[in-house]
1. May I ask you to list pairs of residues, at least six apart or on different chains, whose Cβ atoms are under 7 Å apart, with the first in the stretch 45-59 being among the β-branched types (Val, Ile, Thr) and the second being not in a helix (DSSP H, G or I)?
2. Return the residues of the stretch 78-126 that are among the aliphatic types (A, V, I, L, M) and closer than 30 Å to Gly237 by Cβ; say none if nothing qualifies.
3. Pull up the stretch 47-68, narrow it to residues that are under 20 Å from the mean Cα position of the chain (by Cα), within 25 Å of Ser240 (Cβ to Cβ) and among the hydrophobic types (A, V, I, L, M, F, W, C), then point me to the one that is surrounded by the fewest Cβ atoms within 10 Å (Cβ to Cβ).
4. Could you check the stretch 148-168 and list, in sequence order, the residues that are among the small types (Gly, Ala, Ser) and at pLDDT 90 or above?
5. Considering only the stretch 52-101, state which residues are more than 21 Å from Gln135 (Cα to Cα), in contact with a His (Cβ under 8 Å, 6 or more places away or on another chain) and of a type in the set (A, V, I, L, M, F, W, C).
6. Which one of these is of a type in the set (Gly, Ala, Ser) and either closer than 17 Å to His168 by Cβ or in contact with a Phe, Trp or Tyr (Cβ under 8 Å, 6 or more places away or on another chain) (or both): Gly196, Gly224?
7. Are any of the residues in the stretch 193-201 closer than 24 Å to Arg104 by Cα, of a type outside the set (Asp, Glu) and in contact with a strand residue (DSSP E or B) (Cβ under 6 Å, 6 or more places away or on another chain)?
8. I need the full set of residues from the stretch 192-239 which are under 16 Å from the mean Cα position of the chain (by Cα), within 21 Å of Phe8 (Cα to Cα) and of a type in the set (Lys, Arg), in order please.
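The values are calculated or read from the model by the stated rules, or taken from the named source; none is laboratory data. Only a predicted model underlies this, so the values are computations on that prediction, with no experimental measurement involved. Cβ placement follows ideal geometry from the backbone for every residue including glycine, while neighbour counts extend to all protein chains displayed.
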Amino acid sequence: MKIATPKFEYKTFILGDALTDEQKAYFKKYGVIQFKSFISSETTELFIEELAKIEAKWLAEGVEKVNGIPLKFGKNPDGKDLIQRMCFTNKYSDVLAEFLKDPRFELLLELLEPYEGRVGIDEKDGLVFNHYVNQPNSKFTQMGWHTDSPRDLFLGQKILPMLNVGIHLDKCPSSNGGLRVLPGTQNQSMLKLLFGKKQFIDHRPDSREVAFEIDRGDLTVHDGRLWHRVEVSPHVGEKSRRRVMYVPIVTGKYKPKSANSKTPFYHRLAKVVTK
């Protein structure tokens, strides 16, 4: 099924005290935008330390799920255990919880207008930490093409706009893999939104895809209805390491998760659709 995409002009921006008209128009057209130097290198180090504390605690306690969401496990290049996908990390760190109160996140709500949005601190998967390492023992090196919309259907609700906001903790040039998108596909038909590609199963590069040159501390924002994937690093071991935090900005009815939440059906397919 052919998915139409507009000609893409790669630009980066700085997020100040307000979104500019240019930034809003850019996002409306392409469904993705990159802001440089959202956080400092010192702050990224602080976040990495906080995440390491959470990881060590969960490994010691044998935690496998948080609020019904399974964790993903792998190995570091030194052979030690590693949690490669952690969710709701903001609920286990005062530092990370305070970070999500940054008023600049509120500015991003304008990208969802006319819908009213909110930072999903206790919805979806909360503040997610993705830790990609490419090596034989790694179980999380890439993600196939997908949109974030089908999970709404699995949860028995209407597909609504949402934003995935990525805070990048490592320098990641496009040559080291990372985020790939089909710009403008947030405006596609429902049929193409769901069936334009084989969700999560298709890892093949697309001639129209766009990659990003990301520095430590950059922020990326993409519409959840946009076709996107994560390319595997061509490197092995330490050179392949990429760490990204994602927080959802959501619309619609408030649906918080708790320790009593059931595991969504789509997570049961994780072993089939991820590597």
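1. Hits for this filter: Ile48/Leu169; Ile48/Arg243; Ile54/Met86; Ile54/Tyr92; Ile54/Ser93.
2. Of everything in the stretch 78-126, those that are among the aliphatic types (A, V, I, L, M) and closer than 30 Å to Gly237 by Cβ turn out to be Leu82, Ile83, Met86, Val95, Leu96.
3. Filtering first and then ranking leaves Ala52.
4. In the first step, residues of the stretch 148-168 are kept if they are among the small types (Gly, Ala, Ser); the result is 149, 156, 166.
Gly166, the sole residue that qualifies.
5. Once the filter is applied, which keeps residues that are more than 21 Å from Gln135 (Cα to Cα), in contact with a His (Cβ under 8 Å, 6 or more places away or on another chain) and of a type in the set (A, V, I, L, M, F, W, C), the stretch 52-101 yields only Ile69.
6. On the way: Gly224 fails: either closer than 17 Å to His168 by Cβ or in contact with a Phe, Trp or Tyr (Cβ under 8 Å, 6 or more places away or on another chain) (or both).
When all the criteria are applied, what remains is Gly196.
7. As a first pass, look at the stretch 193-201 and keep what is closer than 24 Å to Arg104 by Cα: none.
No, because not a single residue in the stretch 193-201 is closer than 24 Å to Arg104 by Cα, of a type outside the set (Asp, Glu) and in contact with a strand residue (DSSP E or B) (Cβ under 6 Å, 6 or more places away or on another chain).
8. Arg225, Arg229
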